[in-house]
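Right, one structure below, let's go through it.
None of the figures in this text is laboratory data; all of them are computed from the coordinates on show. Owing to the predicted nature of the structure, the values given are computational and were not obtained by experimental measurement. Note that each Cβ is placed from the backbone with ideal geometry, even for glycine, and that neighbours are counted across all protein chains shown.
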């Protein structure tokens, strides 16, 4: 039986522009993924771009997340067809593709996810295909339920939004605020007029083209969820494991320091 036989609700939720909430995993210890999955997120991203997680560790994190009934996504190191093939073979529900700056970038990622004739992905038998016994059902699942998210994180992408969003079978986009600001020479300056203008354009084009989108809220501040929901973003990434741990540790220590005064 294929590992992917059941319907993935994330695909349908994105198509309907429903609100979903996920988070980012950058630490390879299985307990981190298990805790996050049991917390109730709709999806979790195994981050290969800004972590030292290996492909073997990624497969185990994917396994843990999916066994908890949560959709496992993988943020790639780059738009690389071999890495896409490997993480999809490992059982990922879908991919988050960094630095998609043109429609050609989007097409490249789509082709790497799908088998011929709709793509160029090499065919192998691994976890996603039920180690061989579920290959036929996986082929069907792949066409109907796999998820492809493009990252808008460069000013070139902002300038090419209409062409990128017009590519068929892109399920959603997510903004990478730090890289986007850096591409304009203002890294981390989210109140700068250039960044604000870029965000306004993204929101306007997404609304006009009915494209589901979201943003990565780096700091674990629940109030930011409300802010970005009001902006029309429904695919929301709430912080990441290392920031949640760091903020919780510092909050406790700061409180204790005040107590001692």
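Checking the a/c ratio against 1.5 first, then a/b against b/c, what shape does the Cα gyration tensor give for segment 156-261?
Because a/c hits 1.5 or more and a/b exceeds b/c, segment 156-261 counts as prolate.
Compute the Cα gyration tensor for segment 91-161, then decide on rounded, prolate or oblate, letting a ≥ b ≥ c be the square roots of its eigenvalues: rounded whenever a/c is under 1.5, prolate when a/b is larger than b/c in the other cases, and oblate in all that remain.
Working: a/c = 3.17, a/b = 2.47, b/c = 1.28.
Prolate, since a/c reaches 1.5 and a/b exceeds b/c.
Based on alpha-carbon centroids, what's the gap between segment 40-70 and segment 161-209 in Å, whole number please?
Cα centres, segment 40-70 to segment 161-209: 26 Å.
Nearest 500 deg cm²/dmol is fine: what mean residue ellipticity at 222 nm does the chain get from its DSSP H runs of n ≥ 4 alone, each adding -39,500 (n - 2.57), divided by its residue count?
Details: 12 runs with 124 residues, N = 261.
For the chain, the value works out to -14000 deg cm²/dmol.
Taking a ≥ b ≥ c as the square roots of the Cα gyration tensor eigenvalues, with a/c under 1.5 meaning rounded and otherwise prolate when a/b beats b/c, else oblate, which class fits the chain?
Working: a/c = 1.91, a/b = 1.21, b/c = 1.58.
Oblate shape, in that a/c is at least 1.5 and b/c is the bigger or equal ratio.
What length, rounded to one decimal in nm, is gained on full extension from residue 18 through to residue 245, with 0.36 nm per residue of separation minus their alpha-carbon distance?
Numbers: separation 227, 0.36 × 227 = 81.72 nm, distance 2.86 nm.
Result: 78.9 nm gained on full extension.
Averaging sequence separations of C-alpha pairs under 8 Å and six or more residues apart, then dividing by the length of segment 192-240, give the relative contact order as a whole percent.
Details: 42 pairs, mean separation 19.1, N = 49.
Result for segment 192-240 is 39 percent.
Can you sort 146, 102, 66, 257 by how many other beta carbons sit within 10 Å, fewest first? Please report the intermediate quantities before stating the final value.
Details: 146 23, 102 16, 66 20, 257 9.
By the 10 Å Cβ count, ascending, the order reads 257, 102, 66, 146.
Counting other C-beta atoms within 10 Å, which of 202, 19 has the fewest, and how do the rest follow?
Details: 202 24, 19 14.
So the ranking, lowest neighbour count to highest, is 19, 202.
Counting pairs of alpha carbon atoms under 8 Å apart in space and at least six apart in sequence, what relative contact order in percent does segment 9-260 give? Don't skip to the end; give the middle numbers.
On the way: 461 pairs, mean separation 46.3, N = 252.
So the answer I get is 18 percent.
Expressed in nm to one decimal, what extension gain is obtained for the pair residue 190 and residue 260 from 0.36 nm per residue of sequence separation less their Cα-Cα distance?
Working: separation 70, 0.36 × 70 = 25.20 nm, distance 3.58 nm.
So the extension gain works out to 21.6 nm.
Points 7 angstrom from Cα along the Cβ direction at residue 111 and residue 125: gap in nanometres?
With each label placed 7 Å out from Cα toward Cβ, I get 2.8 nm.
Taking the Cβ of each residue in 235, 195, 165 as the centre, tally the other Cβ atoms inside 10 Å and list the residues starting with the fewest.
195, 165, 235
Measuring from label point to label point, each 7 Å out along Cα→Cβ, what is the residue 169 to residue 77 span in nm?
Inter-label distance under the simple model: 2.6 nm.
Run the quick spin-label model on residue 231 and residue 102: label points 7 Å from Cα toward the beta carbon, then report their separation in nm to one decimal.
Rounded to a tenth, the inter-label distance reads 2.7 nm.
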